[in-house]
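Written out below as structure tokens is the structure these notes cover.
The values are calculated or read from the model by the stated rules, or taken from the named source; none is laboratory data. Quick caveat, the model's predicted, so the values are computed rather than measured. Virtual Cβ from ideal backbone geometry, glycine too; neighbours counted across all protein chains shown. Remember, those area values only see protein heavy atoms, side chains included, never the ligands or the DNA or RNA. Shrake-Rupley method; radii C 1.70, N 1.55, O 1.52, S 1.80 Å.
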Amino acid sequence: MATKRESRRPERLRRSDPERGAPNRSATDHIRNHSGSGNGNGGNKSSGPKNLVSETLQVAIADIVEMSSKVVEDQIRAGQTAAERLRDGISGSDRLNKDVTALVEGLVATTKDVGATWLELLSIVLRSIGKDPPPPPPGGGRPPPGSPSPPNPPRTKTVTGTSGGAATTSSMTPADPTIDPVPLDIVVTGTGVTTVTLDLRPPSIRFVPFLHDLVGRDPKYSLRTVEFTRNDKGRLVLSVKGQAGQHPAIYAGVVVDSYSNEPGGTVSVTIGGG
């Protein structure tokens, strides 16, 4: 009678217990242990040629991965906290708003750190192949080719002089910066006028200046003899006429468009000692 052959079960292989007491999720250790550098410390223990990736580059890459992993974990935890408080019915509270604000600020800060690390990694790679990384553009440098040119700033021209014994100052700032500014002439007649200042800033090329009565510091005193006229050559001028008995004061007013009343400058006239 045939006997049942006794089968011998082989002994089960068991892996040695790890030295660590908790899971190791460090991206730096994982890359360093599996980089295959060929120096006996990596995952590939065969004696072969060294990997082209240098140890410095491996460390930089590991730092980037570790930083990115930490960013994701931090944002997940912050999102879970905000979600729990939202679930508890405090969505309108200041605590939740502070959590969201802290989440956004943290994301911005860590994004900047990751970007700086990538630039450092790029510099390492360029140096390893014998090329110098391009220097960062200075704050006051020129814009790169092809970028739109900034708009031209307004051009202002000021002319000083005298007329009728009064000191005059006339400034012009055209709406179109490509137009050459030409200040208007100031013509002073009569008596008592000591200074006249005109600052004309028309908002458009169709601006036709008009001036209401100038008013002193005390509203009961006004000056009605200041207006825009044309001289014998047809040019627009500011005409100021001083009258005897006018209360000494500084009179000021706004130049407006004769059609829309849109402001486009100022005028001030000093009568007497001001």
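Legend: calculated FRET efficiency, Ser204 to Ala244, from the Cβ-Cβ distance at R0 = 35 Å, rounded to 0.05, equals 0.35.
Heavy atoms only, 1.4 Å probe, whole protein assembly: order His212, His247 by accessible area, highest first.
The residues order as His212, His247, largest area first.
Legend: residues Lys157, Lys220, Lys70, sorted from most to least accessible area (1.4 Å probe; ligands, DNA and RNA excluded), read Lys220, Lys70, Lys157. Residues whose amide H lies under 5 Å from that of Gly164, counting only those 5 or more places away or on a different chain, are Val188; hydrogens are built 1.01 Å from N in the peptide plane. Taking label points 7 Å from Cα along the Cα-to-Cβ direction, His212 and Arg155 give a separation of 3.3 nm.
Ligands, DNA and RNA aside, Ser260 has an accessible area near 70 Å² when probed at 1.4 Å.
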